[in-house]
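*Asks:* Below are the structure tokens for one structure; questions will follow.
The values are calculated or read from the model by the stated rules, or taken from the named source; none is laboratory data. Remember, it's a predicted structure, so these values are computed and weren't measured experimentally. FYI the Cβ positions are ideal-geometry reconstructions off the backbone, even for glycines, and counts take in every protein chain you see. In case anyone asks, the SASA skips ligands and DNA or RNA and just uses the protein heavy atoms, side chains included. Shrake-Rupley method; radii C 1.70, N 1.55, O 1.52, S 1.80 Å.
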Amino acid sequence: MLIWENIRLAFSSLLASKMRALLTMLGIIIGIGSVIAIMTISSSLTNAVSTSFQEMGANNVTVGLKERSEDSTSTRSGMNFGSSNKTASMEESDRITEDMIDALKTQMKDQIDAVAISESLGSGTIKDGSDYANIAVEGVNEDYFASKKLKLLEGRHIKAADLSGSKNVIMVSDKVVENMFEGDKSKALSEKINVNINSEYYSYYIVGIYKYEETGFSSSTEEDVTTSAYIPLTTAKEQARADEGYSQFTVVTSTDVSDVSAFADSIETFFLPYYMGNKDYQITTTTMESMTESMGDMIRTVTIAIAFIAGISLLVGGIGVMNIMLVSITERTREIGTRKALGAKNSSIKLQFITESVILCLVGGIFGIILGFTLGAVAATLLGYTAAVPFTAILVAVGFSMMIGIFFGYYPANKAAKLHPIDALRYE
Amino acid sequence: MPKKDSNTVIQLSHIVKRFFVGKPNELEILHGIDLEVKEGEFLSIVGESGSGKSTLMNIIGALDKPTEGGYILDGTDVCRAKDKKLSEIRNQKIGFVFQTYNLVARSTALSNVELPMLYAGISKQERHARAKELLEMVGMGERMTHKSDELSGGQKQRVAIARAMANNPSIILADEPTGSLDSKTGRVIMDIFHRLHHEEGKTIVFITHSPELAKETQRIVTLSDGMIADERKGDRVC
Ligand SMILES: Nc1ncnc2c1ncn2[C@@H]1O[C@H](COP(=O)(O)OP(=O)(O)OP(=O)(O)O)[C@@H](O)[C@H]1O
Ligand SMILES: [Mg+2]
């Protein structure tokens with residue numbers, strides 16, 4: 001009952017000096033606002049990343065070579081291979097051979113639906129007069145399309161005959177068709193295109209057109225966006241004059257496998273004997289789950305670091321609140337004396353001022369949340385993500401601003417509560 | 001004049017009050033005051049400025065503790081009471097009226113009167129009803145929702161008296177309640193005190209600089225330099 005009266009009182013005293021209250025709240029508003037803005041962007045980003053990873057296939061296990069390091073741990077913390085296939089030190093003998101993959105397929109044929117292999121030829125440009133399109137050319141095997149679900153709009157996938165004949169055929173995105181053939185898909189089919197990759201020209205016939213799905217990562221403009229184009233793996237090998245063997249491949253697990261991570265571990269175990277004697281490389285696996293997790297961890301770490309810095313402004317805001325509470329208590333010394341003369345207990349006085357400080361911070365916090373979410377949502381939208389409401393962050397922010405109110409209001413309120421009634425009444 | 005069988009509500013015995021002003025100096029303001037006030041008595045305290053009237057009043061009102069001496073208020077040993085108990089005494093047994101009104105700024109007359117009841121934990125409806133009744137009694141029924149800064153001195157003092165009466169205390173302490181008012185308004189206030197004494201049977205201790213007003217009470221105590229210099233009967237008989 002007294003608490004409601006205190007809340008009413010707190011609001012009326014804040015409203016009595018609106019400008020002062022607003023300026024004091026500004027610290028809290030900016031502090032909470034920036035934390036919430038960052039959290040909004042981060043949770044939008046995390047959502048985008050995990051949906052795009054999930055789209056890439058939750059059942060996929062990527063198997064790849066990883067350089068052995070001093071403190072080599074065999075955990076599947078994703079994202080740390082892939083670049084290793086470009087290191088000069090990788091020898092042909094280090095690479096994963098066709099035989100190994102065949103052995104794996106035979107041994108685990110119940111668990112493996114398909115083995116997708118891809119090898120990048122490089123990024124290049126298709127040019128025809130003033131028309132151009134950026135593509136990243138990848139050599140893929142037949143099974144590749146089992147790991148990566150593409151929506152075929154026209155034509156066909158790369159098939160076994162393309163691979164065995166090392167044919168110069170290519171599957172491009174509808175973006176390419178838009179840029180090069182004014183979007184006319186049937187006209188584009190079986191057309192020849194010239195691709196310039198690292199100043200070498202390659203010619204391919206278009207056999208398939210798939211629908212390009214925007215991922216959370218793209219940042220280029222519509223026109224310039226680089227889309228993947230797929231050619232037979234054998235063709236890519238020949239054109240790149242690459243070594244035999246592969247640096248990575250993707251296993252599409254059958255739906256019978258319920259624990260993808262455990263299955264990934266057993267693949268690592270399978271490769272152990274092959275790489276036991278290899279000083280430089282070992283096999284490591286990555287699942288979408290672990291990728292999403294490690295990406296999420298990364299985003300979270302960065303977010304927490306930034307939020308922490310933003311949180312420092314909260315500290316400054318809190319000090320502002322404490323300052324204004326001290327001023328307000330000095331101004332209202334006689335009122336405190338009067339209240340005590342009328343029978344207010346020390347605890348009632350304390351509660352009154354702590355409530356006031358909490359309300360001040362809470363109102364500031366709520367403004368901050370609104371401001372922060374708005375800014376964060378705008379930023380996320382501009383970056384091309386769907387804005388996500390960071391519920392936990394909002395709850396934490398509300399709780400945190402109340403805590404700031406209690407923490408920084410406690411000392412002034414206690415000071416007020418301890419005032420001697422006579423000294424307070426005599427105060428001029 | 002107090003009746004023979006009425007109880008003593010205020011019993012001060014050999015009250016000494018010293019203030020510490022700087023380390024070596026001790027300022028003794030009250031030098032051993034003995035005073036008894038009976039239930040239902042209307043007492044006035046007079047004396048020149050600085051004689052210690054307010055200091056004594058603060059001790060009577062449990063706002064301050066004496067340095068030496070004993071004080072029993074309605075059976076409670078005030079000197080040994082803790083802060084919480086003192087708050088309760090001030091809330092339940094005593095109603096204060098100050099020279100400078102001391103209304104809570106930005107609050108309406110009504111919420112000012114409700115304040116002591118709020119601290120007593122009385123329900124909202126009850127508070128509201130009682131505050132209205134009291135404001136009507138002091139003739140402020142028309143201005144209940146006015147903020148305290150919108151009231152004249154006399155009006156403020158009437159609100160303050162209503163507030164002092166909120167928890168129906170047995171003792172009303174008034175420190176120069178007419179000191180800031182013109183004589184006509186002072187008269188109105190004084191009449192309210194007479195009514196509280198006569199109709200409600202309140203014990204009233206009243207500090208004043210006006211000999212005429214003091215004469216209207218039952219007993220006049222004159223303080224001089226922190227000691228009771230004189231005690232005489234006033235004109236009021238009962
Ligand atoms: N907290 C204090 N510290 C030091 N001296 C004090 C304190 N309170 C009161 N005094 C001194 O005590 C003396 C008596 O003060 P008090 O207020 O009781 O006088 P009073 O009789 O009420 O005077 P007035 O009629 O002017 O109100 C004064 O000399 C004053 O300076
Ligand atoms: Mg005085």
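*Asks:* For region A:94-232, what is the charge dipole size about the Cα centre, in debye to the nearest 20, if Lys and Arg each add +1 at the Cβ and Asp and Glu each add -1 at the Cβ?
*Replies:* Approximately 340 debye in magnitude.
*Asks:* Counting partner chain Cβ atoms within 10 Å of every residue's Cβ in B:101-107, what's the average? Kindly include the intermediate steps, with their values, before the conclusion.
*Replies:* Details: counts 1, 8, 2, 7, 7, 6, 3.
If you average over the peptide's residues, the count of other-chain Cβ atoms is 5.
*Asks:* Separate question: If you split all Cα-Cα distances of chain B into 10 Å bins from zero, what percentages do you get per bin, shortest first?
*Replies:* Pairs per bin, as whole percents: 8, 32, 36, 20, 4, 0.
*Asks:* Report for chain B the percent antiparallel among DSSP-assigned beta bridges with both residues inside it, nearest 5.
*Replies:* Details: 24 of 42 bridges.
So the antiparallel bridges amount to about 55 percent of the total.
*Asks:* Further, regarding this structure: How many angstrom lie between the C-alpha centres of region B:109-186 and region A:366-383?
*Replies:* 50
*Asks:* Provide a list, ordered by number, of residues in region B:63-87 showing at least 40 Å² less accessible area with every protein chain present than when their chain is taken on its own, using a 1.4 Å probe.
*Replies:* B:Leu63, B:Ser87
*Asks:* To make sure I understand the rule: partners must be lysines, Cα under 24 Å from the Cα of B:Lys132, and not fewer than 8 residues away in the same chain. Which ones qualify?
*Replies:* Cα-Cα hits under 24 Å: A:Lys340, B:Lys93, B:Lys124, B:Lys147, B:Lys156, B:Lys202.
*Asks:* Still on this model: Taking all protein chains in place and a 1.4 Å probe, what share, in percent, of the accessible surface of the protein assembly as shown do carbon and sulfur account for? Show your work: numbers first, answer last.
*Replies:* Details: 17470 of 31900 Å².
C and S atoms contribute 55 percent here.
*Asks:* Dipole of chain A, Cα-centred, from +1 at each Lys and Arg C-beta and -1 at each Asp and Glu C-beta, to the nearest 20 debye? Could you put the intermediate results ahead of the total?
*Replies:* Values: 35 positive and 48 negative charges, 639 e Å.
Approximately 3060 debye in magnitude.
*Asks:* Not counting ligands, DNA or RNA, and with a 1.4 Å probe, what is A:Ser258's accessible surface area in Å² rounded to the nearest 10?
*Replies:* 120
*Asks:* Another question, then. Leaving out ligands and nucleic acids, note down the accessible area per residue over chain B with a 1.4 angstrom probe, in whole Å².
*Replies:* Working: 10870 Å² over 238 residues.
Roughly 46 Å² per residue, with all protein chains present.
*Asks:* If you don't mind, there's one more thing I want to ask. For chain B, what does the helix formula give at 222 nm: sum of -39500 (n - 2.57) over DSSP H segments with n ≥ 4, over the residue count, nearest 500 deg cm²/dmol? Can you show the working numbers first?
*Replies:* Values: 7 runs with 78 residues, N = 238.
Helix-only estimate at 222 nm: -10000 deg cm²/dmol.
*Asks:* With a 1.4 Å probe and all protein chains left in place, how much accessible area per residue does region A:60-287 have, in Å²?
*Replies:* Working: 11390 Å² over 228 residues.
Dividing the accessible area of region A:60-287 by its residue count gives 50 Å².
*Asks:* Quantify how strongly other chains surround peptide A:340-353 by giving the mean number of their Cβ atoms within 10 Å of each of its Cβ atoms.
*Replies:* Values: counts 7, 15, 19, 21, 7, 9, 3, 3, 3, 1, 0, 0, 0, 0.
Mean partner shielding for this stretch: 6.
*Asks:* Tell me the Kirkwood radius of chain A: reciprocal of the mean inverse pair distance over distinct alpha-carbon atoms, in Å. The partial results should precede the final answer.
*Replies:* Numbers: mean 1/r = 0.0380 Å⁻¹.
When all Cα pairs of chain A are included, the Kirkwood radius is 26.3 Å.
*Asks:* Also, quick follow-up: Projected onto the charge dipole of the protein assembly as shown (+1 at Lys/Arg Cβ, -1 at Asp/Glu Cβ, origin at the Cα centre), which of B:Ser111, A:Val35, B:Thr178 gives the Cα projection farthest towards the positive end?
*Replies:* Projecting each Cα onto the dipole axis, the largest value belongs to B:Thr178.
*Asks:* Using only helices, what value at 222 nm comes out for chain A when you add -39,500 (n - 2.57) per DSSP H run of length 4 or more and divide by the total residues, to the nearest 500 deg cm²/dmol?
*Replies:* Working: 14 runs with 233 residues, N = 428.
The per-residue figure over chain A is -18000 deg cm²/dmol.
*Asks:* Which residue fluctuates most in the GNM of chain A (Cα springs below 10 Å): A:Pro390, A:Pro232, A:Pro273?
*Replies:* A:Pro273
*Asks:* Hey, another quick one. I'd like to know which of A:Tyr274, A:Ser166, A:Ile126 lies farthest towards the positive end of the charge dipole of region A:60-287, counting +1 on Cβ of Lys and Arg and -1 on Cβ of Asp and Glu.
*Replies:* Value computed over the given set: A:Ser166.
*Asks:* Then there is this: Interface size between chain A and chain B, please: total buried accessible area, 1.4 Å probe, rounded to the nearest 100 Å².
*Replies:* Details: alone 22170 and 11910 Å², together 31900 Å².
For chain A against chain B, roughly 2200 Å² becomes buried.
*Asks:* Dipole magnitude of region A:179-305 about its Cα centre, charges +1 at Lys/Arg Cβ and -1 at Asp/Glu Cβ only, in debye to the nearest 20? Don't skip to the answer; put the middle values down first.
*Replies:* Numbers: 8 positive and 20 negative charges, 67 e Å.
Once rounded to the nearest 20, the dipole reads 320 debye.
*Asks:* With a 1.4 Å probe and all protein chains kept in place, how much accessible area does A:Ile32 have, in Å² rounded to the nearest 10?
*Replies:* For A:Ile32, the solvent-accessible surface is approximately 0 Å².
*Asks:* Looking at chain B as a GNM with Cα springs under 10 Å, which of B:Asn112, B:Asn167, B:Asn25 has the largest mean-square fluctuation?
*Replies:* B:Asn25
*Asks:* Just report the Cα centroid separation between region A:281-316 and region A:152-183, whole Å.
*Replies:* First find each Cα centre; the distance between them is then 38 Å.
*Asks:* What does the structure give for B:109-118 when I average, per residue, the other chain Cβ atoms found within 10 Å of the residue Cβ?
*Replies:* The per-residue average across the peptide is 3.
*Asks:* Now for a different question. Compute, for B:Val9, the solvent-accessible surface of its heavy atoms (probe 1.4 Å) with the complete set of protein chains present, and express it in square angstrom to the nearest 10.
*Replies:* Looks like 10 Å² after rounding.
*Asks:* Continuing with this model, one more query. For chain A, modelled as a Gaussian network with Cα springs under 10 Å, which listed residue fluctuates most, A:Ala188, A:Ala116, A:Ala344?
*Replies:* A:Ala344
*Asks:* Please give the Cα centre distance for region B:14-44 versus region A:337-359, rounded to the nearest Å.
*Replies:* 29
*Asks:* Which of the listed residues, A:Met100, A:Ser44, A:Ala262, is farthest toward the dipole's positive end in chain A, when Lys, Arg count +1 and Asp, Glu count -1 at the beta-carbon?
*Replies:* Highest projection toward the positive end goes to A:Ser44.
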